[in-house]
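Single-structure report; data block below.
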Amino acid sequence: MISKTSTLSIFFFIGIIPFLPLVHAEPSISIIMEQTTYSYCEKLFYTIEVSEVTGDPAIIHISDESGKGSSAIPIAITGLQNPIPSLIPFEAEIFPLGKYLIDVEYSGAATSAEFELIESDSICIPELIKPIMANWLSGNISDGFLLDAFQKYVDIKLVNIPFEINEDNVYDVEVPEWVKNIGYWWLEGAISDDSFSNAMNNLLERNIIGFPEKIENEI
């Protein structure tokens, strides 16, 4: 015979079961790399795959072989597969050659993936030129300041400006208004760095971009 005390204990235990917190299993997470080897001018691309959407963001850290890494990068997880494309290509001035580690934490789970940045002959226009180009297209800086930026920051193998720009002539440089179309196309990604550079070099060689008095004398 079950005692009254035992019956009350069982009743109490059953009664509190609905109020116990639910314990969820830790979600699984993985990184799917588009490729594991990159070279300069290419953009990193990978996908974060999770077993469930918890509402938490994924926290990403990217570090090089020396341990030097980025600050925490929060990424919203909105589905089971979440593509992560980099908006900025690898540049020699920023990213040294070697192996890199991607660490991702998400709702208590963690995973890592590795890729390597290798030497290549690829040359691209530095990302810092884009805001300068945008300012030029908006009329905030002169033609000369735009070309001065190209002369300082863009590899001569891409864009070769055949004259020196200095404080005495920076305001004398002229770029035809219609050339802005090429700038817009490049800024919006409609044409590549190579196509943009070829167009600029052609205009520079023909003195369409340059000093007005020089063009008039040659005509």
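The values are calculated or read from the model by the stated rules, or taken from the named source; none is laboratory data. All figures in this text were calculated on a predicted structure; none of them were measured in a lab. Using ideal geometry, Cβ is built from the backbone for each residue, glycine included, and neighbour counts are taken over all protein chains shown.
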Evaluation of residue 86 against (1) under 18 Å from the mean Cα position of the chain (by Cα); (2) at pLDDT 95 or above (one fails), failing number: (2)
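Evaluate segment 125-137: report whether one residue or more is under 30 Å from residue 42 (Cα atoms), of a type in the set (Gly, Ala, Ser) and without any contact (Cβ under 8 Å) to a residue 40 or more places away in the chain.
In the first step, residues of segment 125-137 are kept if they are under 30 Å from residue 42 (Cα atoms); the result is 125-137.
Next, only the ones that are of a type in the set (Gly, Ala, Ser) stay: 134.
Among the residues that remain, those that are also without any contact (Cβ under 8 Å) to a residue 40 or more places away in the chain are: none.
Looking through segment 125-137, none of the residues is under 30 Å from residue 42 (Cα atoms), of a type in the set (Gly, Ala, Ser) and without any contact (Cβ under 8 Å) to a residue 40 or more places away in the chain.
Return the residue satisfying two criteria in turn: it lies in segment 108-124 and is touching a residue at least 12 places away in the same chain (Cβ under 8 Å) and out of contact with any strand residue (DSSP E or B) (no Cβ under 8 Å at 6 or more places or on another chain), and of such residues it is surrounded by the most Cβ atoms within 10 Å (Cβ to Cβ).
So in segment 108-124, the residues touching a residue at least 12 places away in the same chain (Cβ under 8 Å) come out as 108-120, 122-124.
Then drop every residue that is not out of contact with any strand residue (DSSP E or B) (no Cβ under 8 Å at 6 or more places or on another chain), which leaves 108, 123-124.
Details: 108: 12, 123: 17, 124: 20.
Result: 124.
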Checklist (1) surrounded by 13 or more Cβ atoms within 10 Å (Cβ to Cβ); (2) in a loop (DSSP other than H, G, I, E, B); (3) touching a residue at least 24 places away in the same chain (Cβ under 8 Å) applied to residue 191, failing item: (3)
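Tally up the residues in segment 140-159 that are part of a loop (DSSP other than H, G, I, E, B) and either touching a strand residue (DSSP E or B) at 6+ places or on another chain (Cβ under 6 Å) or over 19 Å from residue 212 (Cα atoms) (or both), please.
Within segment 140-159, the first condition is being part of a loop (DSSP other than H, G, I, E, B), and the residues that meet it are 140-142, 154-159.
This time we only want the ones that are either touching a strand residue (DSSP E or B) at 6+ places or on another chain (Cβ under 6 Å) or over 19 Å from residue 212 (Cα atoms) (or both), so: 140, 154-159.
Here the count works out to 7.
To keep it simple, each residue is scored yes or no on (1) among the acidic types (Asp, Glu); (2) modelled with pLDDT of 90 or more; (3) not assigned by TED's automatic domain parsing to the domain that holds residue 78.
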| site | (1), (2), (3) |
| --- | --- |
| 9 | no, no, yes |
| 15 | no, no, yes |
| 24 | no, no, yes |
| 44 | no, yes, no |
| 49 | yes, yes, no |
